[in-house]
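Take a look at the structure below.
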Amino acid sequence: MSEYVVLSYVDIALASVFLLLNGVLSLWLKLGVARNLVFATLRMVVQLLLVGLLLKSLFTIQSPWLTLLIALLMIGFAAREIWARQERRLKGWQGMAIGGTSMGASVGVVALVALIVLVQPEPWWHPRYALPLLGMIMGNAMTGISLSLDTLHTALNREQRAIEAQLLLGADKWQAMRPFIRQAMRAGFMPSINAMAAIGVVSLPGMMTGQILSGVDPNEAVKYQLMVMFLIAGATGLAVMLATLGSARALSDDRDRLRIDRLRKVKA
Amino acid sequence: MLEIKALSRLHIGPVSLSVANGEIIAITGPSGCGKSVLLRAVADLDPNEGHLETQSGVRAEIPAPAWRRKVGYLPAESGWWADTVAAHFETPDKIDPASLGLAPEAMGWDVARLSSGERQRLAFLRLLEHCPDVLLLDEPTAPLDAASTALFEARLKRCVASGVSVVLVTHDPAQATRIADRHFVLDSGQLSEAAHV
C-alpha cells in the first residue's frame with residue numbers, strides 16, 4: 001500500500017505545458033494577465049522548491065526553536081498578506097497587527113491542541129507535523145480574515161451615514177455597527193462552509209489526494225482530512241470573529257464615535 | 001440650555017456660545033466654513049476639545065449615547081439603516097407625519113421611495129421622539145417648499161415653547177431673521193454675533 005510513484009523533474013516540466021498554453025492564449029486574447037501569470041508561476045516554483053529544501057533540513061536538525069521561528073515567520077507573512085488584500089486598511093501598526101494577532105492566537109491554539117492532544121507526534125513539536133498543519137490551517141484562516149476585514153471596512157465606510165444616524169439617536173457603537181459586524185463575519189465564514197459542503201462531492205482536497213497518490217489507504221487519508229477540515233473551519237471561525245471585533249473596536253472610540261478617518265483607501 | 005466653552009475641532013474654534021432655554025440662535029456663513037463640523041463636534045461625533053453642558057449635565061461626565069439623546073443633531077443629509085420608515089422609530093404608532101405636511105400613511109413607506117424633503121421631515125420627527133434638551137439643525141428646510149417650511153418652523157416653535165434650545169444652521173437669511181432670537185456668523189473658524197437679526 002505504501003508504494004508511490006516518484007516524479008522526475010521532466011514529469012513536472014511536462015505538467016506545466018497546460019499552464020504555458022494558458023499564457024500563450026492569454027497573450028493572444030490580450031487578457032493582460034500574462035505578466036501576473038508568469039510572476040505567480042515563478043514565485044510558486046521558487047517558493048515551493050525552497051520550502052522543500054527548508055523542510056528537509058528542518059526535519060534533520062529537529063530544533064524546537066527553529067521550528068518556532070519558522071512558525072512565527074509564517075504568521076508574519078500571512079499577516080502581511082491579509083493586510084495587502086484589503087481595499088481599505090486601518091492606518092498605522094494596527095493595520096497589520098489586528099489580522100496577525102487574531103490569526104496567530106486562534107491558529108496557534110488550534111494547532112497546539114491538534115499536536116498535543118490529537119496527533120501526538122514524538123516530540124510533539126516535530127516540524128514534520130507542526131509546520132504542514134500550521135500551514136494548512138493558516139492558509140484558510142488568512143483567506144477568512146482578509147475577506148471579513150475587507151467586508152467590514154467597505155461596509156463601515158459606505159454606511160457611515162446610517163451608522164451615525166443611530167449613534168445620534170443614542171445607540172452605542174456596538175448597536176450601530178452590529179449588522180455590519182455580522183455581515184463581515186458571515187463573509188469570513190463562507191469559504192469554510194462552501195468548502196465543507198462541496199468536499200468529497202465536487203472537490204477532492206489536495207491533502208487527501210496527495211496522501212492517496214503517495215500510497216496511503218483512502219480510509220486513513222479521509223480520517224486525516226476530516227481532522228484537518230475540523231481544525232481549519234474551527235480556527236478560521238475563531239480568527240474571523242477575533243479580527244472583525246478587533247477591527248470594529250479600532251474603527252470606533254470610547255466616546256462611541258465611528259472613526260472612518262482611521263481607514264486608508266489603497267486602490268481603486 | 002446649552003453652554004459651549006472653548007470648543008475646538010480641526011480649523012474651527014475656540015468657539016464659545018451660550019443658548020438659553022427656549023432660545024433659537026441662527027448660524028450662517030459661507031459654504032465650507034465649517035458649520036457642519038461645528039455641529040458634529042457639539043454632538044461629539046468627531047474628536048474635539050472643549051467644555052459643554054446642558055441642564056442634563058456636563059458632557060465629559062455623561063456617556064456619549066446619553067449626551068446625543070439630549071443634544072439632538074439633525075444632519076443636512078439624514079441616515080437610514082432599515083428598509084421601512086417605521087423601523088426607524090421607537091413608537092411609530094404615536095408619530096403624526098401629517099403635522100409636518102406628510103401623508104398620514106408615511107410611516108408605512110419604504111425608505112427607498114422617500115424624497116429628500118420627506119427624509120428630512122421624518123428624520124426630524126425621529127429626533128423629537130427622544131425629547132432632546134437641545135436641537136442642532138443643519139439646514140433642515142433646504143429641501144422643503146414654502147408651505148412645508150412654514151409647518152416645520154411652526155413645529156420648531158412648539159419645541160422652543162417647551163424650553164428646548166435650538167442651534168440652527170441656515171443659508172437663508174430671511175429664515176434667520178424670521179425665527180432666530182440671535183444671529184451668529186461663522187467665518188475663518190470663528191463665531192461672531194451679527195449686528196442685526
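Quick notes on this structure:
- Among the conditions (1) away from every other protein chain (no Cβ under 11 Å); (2) closer than 21 Å to B:ILE179 by Cβ; (3) open to solvent by 40 Å² or more (accessible area, probe 1.4 Å), the only one that B:ALA76 does not satisfy is (1).
- Number of positions in region B:93-114 that are assigned to a loop (DSSP other than H, G, I, E, B), modelled with pLDDT of 95 or more and either open to solvent by 50 Å² or more (accessible area, probe 1.4 Å) or within 14 Å of chain A (Cβ to nearest Cβ) (or both): 1
- A residue that is outside any loop (DSSP other than H, G, I, E, B), open to solvent by 70 Å² or more (accessible area, probe 1.4 Å), in contact with a Ser or Thr (Cβ under 8 Å, 6 or more places away or on another chain) and modelled with pLDDT of 95 or more cannot be found anywhere in region A:170-177.
- Filtering region A:163-184 to residues that are among the basic types (Lys, Arg) and either touching a Leu at 6+ places or on another chain (Cβ under 9 Å) or farther than 25 Å from B:LEU125 by Cβ (or both) leaves A:LYS173, A:ARG182.
- Selection count where residues are open to solvent by less than 50 Å² (accessible area, probe 1.4 Å) and facing chain A (nearest Cβ under 9 Å), scope region B:51-65: 2
- Criterion: open to solvent by less than 20 Å² (accessible area, probe 1.4 Å) and among the hydroxyl-bearing types (Ser, Thr, Tyr) - qualifying residue of B:THR177, B:THR170: B:THR170
- Breaking point among (1) in a helix (DSSP H, G or I); (2) farther than 13 Å from A:GLN166 by Cβ; (3) not aliphatic (A, V, I, L, M), for B:GLU77: (1)
- Verdict on A:VAL10 being assigned to a helix (DSSP H, G or I) and either outside the structural domain of A:ALA243 (by TED's automatic domain parsing) or buried (at least 17 other Cβ atoms within 10 Å of the Cβ) (or both): yes
- Just one residue in the set A:LEU19, A:LEU66 is modelled with pLDDT under 95, open to solvent by less than 80 Å² (accessible area, probe 1.4 Å) and closer than 30 Å to A:TRP124 by Cβ; that residue is A:LEU66.
- Scanning region A:136-159 for residues that are within 11 Å of chain B (Cβ to nearest Cβ) and touching a residue at least 12 places away in the same chain (Cβ under 8 Å) turns up at least one hit.
- Of note, A:PHE59 does not satisfy the criterion of being open to solvent by 100 Å² or more (accessible area, probe 1.4 Å), assigned to a helix (DSSP H, G or I), of a type in the set (Phe, Trp, Tyr) and modelled with pLDDT of 90 or more.
- Residue check for A:LEU238: within 18 Å of the chain's Cα centre (by Cα), open to solvent by 20 Å² or more (accessible area, probe 1.4 Å) and more than 30 Å from B:GLU90 (Cβ to Cβ): yes
- Check on A:ARG255, buried (at least 18 other Cβ atoms within 10 Å of the Cβ), basic (Lys, Arg), modelled with pLDDT of 90 or more and not in a helix (DSSP H, G or I): yes
The values are calculated or read from the model by the stated rules, or taken from the named source; none is laboratory data. Predicted model only: the values in this text are computed from it and were never measured. So basically every Cβ, Gly included, is an ideal-geometry build from the backbone, and we count neighbours across all protein chains shown. Side chains are part of the model used for accessible areas, which takes the heavy atoms of the whole protein and leaves out ligands, DNA and RNA. Shrake-Rupley method; radii C 1.70, N 1.55, O 1.52, S 1.80 Å.
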